[in-house]
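Single-structure report; data block below.
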Amino acid sequence: MSATSPLRRAALAVPALACGLAALTACGDQPRDAAAVSTSFSGQVVTGTSTDLGSIVIGWGDAHSDTEITTPQPEAVAARCTGRGDDLTVEITAPHGWTIRAVYGSPVLTVGNTDQQLAAAEIDTTNPLIAAPEPVDWSEPDQLDIAAAVEGPDGWNAEHSGRVYVSIHVDCR
């Protein structure tokens, strides 16, 4: 058995390391832009009026405005996807300071607003009174569909109803 020279071991290690890094990137561990952002596929009215059907809805309060309920165009919303399948995390940034984070399988969203100094807080979208549809739907592979309307966090000072509304679809394929 001959000893392998240190130079030969180093020469073999470089391609192995490069292949390992390429494999990690191919697995989707690196954040990437979503393939598409659109209106929720659920068809649920989240604000209590039909004005949000066919729109992305993000906000809180009673009225459509920059500081309450916004309905941004898909191209104005940025979504980043990390991981795939059961390891998917989606980070959404929308106009007027809104941020949303969703982790695969969880009905809990982390929502915040930098413009309004609303600290990011976890919001549980489950409603024990309504069995279906799911407000945070992960049923399609590498896709997230949200149609939720829930009370905002206690720490957010509301001058209005204080309900948080989110209606959006993100395709991470």
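Worth a mention:
- Hey, E140 under 17 Å from A35 (Cα atoms), at pLDDT 95 or above, among the charged types (D, E, K, R) and loosely packed, with under 15 Cβ neighbours inside 10 Å or not: yes
- Number of the condition not met by L129 [criteria: (1) open to solvent by 80 Å² or more (accessible area, probe 1.4 Å); (2) modelled with pLDDT under 95; (3) assigned to a strand (DSSP E or B)]: (3)
- Considering the conditions (1) over 22 Å from T49 (Cβ atoms); (2) open to solvent by 20 Å² or more (accessible area, probe 1.4 Å); (3) assigned to a strand (DSSP E or B), A149 is excluded by exactly one of them, (1).
- Count of residues meeting criterion [in a loop (DSSP other than H, G, I, E, B), farther than 15 Å from H160 by Cβ and in contact (Cβ under 8 Å) with a residue 60 or more places away in the chain] in region 44-74: 4
- Subset of region 134-155 that is in contact with a strand residue (DSSP E or B) (Cβ under 7 Å, 6 or more places away or on another chain) and not hydrophobic (A, V, I, L, M, F, W, C) - its residue that is farthest from V45 (Cα to Cα): G155
- Here the condition is being modelled with pLDDT under 80 and closer than 24 Å to E122 by Cα; of D52, D87, D33, D62, it holds for D52 alone.
- Unique match (being assigned to a strand (DSSP E or B), farther than 19 Å from I56 by Cα and touching a strand residue (DSSP E or B) at 6+ places or on another chain (Cβ under 8 Å)) among A79, A121, A158: A121
- Residue within region 105-120 that is open to solvent by less than 30 Å² (accessible area, probe 1.4 Å), touching a Cys at 6+ places or on another chain (Cβ under 6 Å) and among the aliphatic types (A, V, I, L, M) present: no
The values are calculated or read from the model by the stated rules, or taken from the named source; none is laboratory data. As the structure is a computational prediction, the values presented were derived from the model and not from experiment. When we count neighbours, we look across all protein chains shown, and the Cβ atoms used for this are built from the backbone with ideal geometry, even at glycine. All accessible areas refer to the heavy atoms of the entire protein, side chains included, with ligands and DNA or RNA removed. Shrake-Rupley method; radii C 1.70, N 1.55, O 1.52, S 1.80 Å.
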